[in-house]
Each structure stands twice: as C-alpha cells, then as structure tokens.
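Just below is one structure, and these are the notes that go with it.
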Amino acid sequence: MKTDRAETIALLALAHIAGDEDLLHRFMADSGMDSTELRISAADPAQLGGILDFILGDEARVLDFAAAAGLDPEEPMRARLTLSGAYVEGRGTIQ
C-alpha cells in the first residue's frame, strides 16, 4: 500500500472517530489528547498511526469503521503497517 493511501485511510478513521461522540470520548481518554491536539494530529503520520492503533484495538471497531468507509476489513491494518514503515522478514516493506 502506498503511503498516501494509508494516510487517507487514517484520516477516514479520524473522521469516523470524530463522528461518534462515545468513540471520540474513548479515543481522547485513551490517547490523552484534547480537541486541539486531535486536529493537529491529522498532519502527523505518527499520530495517524496512533489513530489506526485505536481502531485496530477492537475487532468491532475495525468492522464498523471498514463498513462505514467502504473498505475491506484488512485495509486498516495494511495502512497501519505502511505508516509505520513496517518490514516483514522475507517480504521487505509491506505494499
């Protein structure tokens, strides 16, 4: 997966979180971010990875997000691996 696609998926995840008040409060409590920091995080690839980590932390969240965004449920994980620059032995960088 290309980095720009991974960032787009992370931004979709951020929009998904922001659109659900309960999920947003849970994310902010877990991350320690306030609303200003959350807005700034949209420009930081490391923070985008953290947003995906939150989504990936619960299977129901992954499935809900994927369905809402029209994504295959595996795409958020692939996006997270791309944003981290993950390297899988024998495969090189995740594509």
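Readers should treat all values here as calculations from the given coordinates under stated rules, not as data from a laboratory. Please read all numbers here as calculations on a predicted model, not as lab measurements. Here Cβ is always computed from backbone atoms with ideal geometry, including for glycine, and neighbour counts include all displayed protein chains.
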Cα gyration tensor shape for region 3-83, rounded if a/c is under 1.5, else prolate or oblate: oblate
Cβ-placed point charges (K, R +1; D, E -1), dipole of the chain about Cα centre in debye, nearest 20: 360 debye
Mean Cβ count within 10 Å, highest first, over the residues of peptides 54-61, 77-84, 18-25: 77-84, 54-61, 18-25
Length-normalised contact order for region 3-83 - Cα pairs under 8 Å, 6+ apart - percent: 45 percent
Protection proxy ranking of 5-16, 38-49 - average other beta-carbon atoms within 10 Å, highest first: 5-16, 38-49
Cα-based helix-to-principal-axis angle, 75-84 vs the chain, degrees rounded to 10: 80 degrees
